[in-house]
Every structure is written in C-alpha cells, then in structure tokens.
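The structure appears right after this line, and notes come after that.
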Amino acid sequence: MTVRPFAQGTVVSISKTRAEIEDLVTRSGEKTFASGLDLERAAIQFDLATPSARVTIRFALPLAGSSFGLAELRKPRRRFVSLANRPAEIQKLYESENRRRWRCLLLAIKSKLESVASGIETIEQAFLAQIVTSDGRTVHERVLGTPWLALPEKSQEARSVDAIEATVSGQ
C-alpha cells in the first residue's frame, strides 16, 4: 500500500496558502514577514522573539519546475507517465505539485509554532535549521556549506526518469 503524499490534489491556491502562513506568523504577535518567488524556488522569512533575542527564520521551498525534471511529477496512481509533447499537462502537474508543496510548508510552520506554544520545545529547538545567521545563511546552509537557497541535487531516480523522458521525446 502506498501512502498518498500530504495535500495531493489540493485546489487551494499558492497565494491563499502564503496568506495563511503570513496570518499564522502575525497572529503569534510578529510583525516582520517577507516572501519571495522565482521560477525555481520560493522563500518565506519572518522574525520570532526568544527569551534572549529576536531571531530571523527563513524557509526555502524548492518548486517543481524545469530544473527538477519530470520525476517530481507523478500521476495519482504513483506511476510515471510520458508527458513528451504535452506542455499543457506538464504545466498543470507542476502547478498542482507547487500547491501541494506550499500546503506542506504551512503544515511544517504550523506544527513548529504549536510545538513551541505547547512547551514541547523552544523556538531555537524547533527552528534551528531555519535560523538566519549573521552572514545571511541559515544554520542548515552553514553546517552543510551550501549557498543560500541552493537547489537540491536530483536523485538517481530523477536522473533515470529524465533519461527515459529524453529518449521518449527523441532528444
């Protein structure tokens, strides 16, 4: 039995989800919120007050798009399909996957804030990887030595599917 990915098939728009994230953060008393978007990634950034200082939190969200290949897009029955010469369907799948990823980001932020509010962990514990350091990189980026908003490497599966799609489309 395969587990269905969280929020698969959601019809909630990205702008509505982004507004929900902003509302969630500002409801907790924070006034600083920013978001940005380009073709390959989105970012959400906000400040949170800790007992000792204010910390800036940044989430980078890789978006399904041209640099990710078709392996990122699966039909609901979890099988790969050839989408060569079907740009409208590819675009529809990318949009659906990006709506799903934004819903996942909302869930992640909401669960971290609830964990802090419930006393399960501190802000630093919940958001450690996303805390922005003095050089503008997150703790995660500093530890791994990656540049800000670096895109993840494609998995072996993604590279294999890219090769298959290229063969099918005659490239």
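Here are the numbers for the structure shown:
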quantity	calculated
Hey, SER115 of a type in the set (Ser, Thr, Tyr), at pLDDT below 55 and surrounded by 13 or more Cβ atoms within 10 Å (Cβ to Cβ) or not	no
Hits in the range 1-31 (condition: surrounded by fewer than 13 Cβ atoms within 10 Å (Cβ to Cβ), in a loop (DSSP other than H, G, I, E, B) and of a type outside the set (Gly, Ala, Ser))	MET1, THR2, VAL3, ARG4, PHE6, VAL11, LYS31
Residues of the range 6-40 that turn out to be under 28 Å from THR122 (Cα atoms) and within 16 Å of the chain's Cα centre (by Cα), as a count	11
Which listed residue, of VAL143, VAL132, is surrounded by 12 or more Cβ atoms within 10 Å (Cβ to Cβ), of a type outside the set (Gly, Ala, Ser) and either modelled with pLDDT of 90 or more or within 23 Å of LEU24 (Cα to Cα) (or both)	VAL132
Unique match (being modelled with pLDDT under 90 and touching a helix residue (DSSP H, G or I) at 6+ places or on another chain (Cβ under 6 Å)) among SER82, SER66, SER52, SER96	SER82
Positions within the range 106-144 being part of a helix (DSSP H, G or I), within 26 Å of ALA7 (Cβ to Cβ) and among the aliphatic types (A, V, I, L, M), in sequence order	LEU106, LEU107, ALA108, ILE109, LEU113, VAL116, ALA117, ILE123, ALA126, LEU128, ALA129
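The values are calculated or read from the model by the stated rules, or taken from the named source; none is laboratory data. Fair warning: this is a prediction, and the values are worked out from it, not measured in the lab. Positions of Cβ are generated from backbone atoms using ideal geometry, with glycine treated the same way; all protein chains shown enter the neighbour counts.
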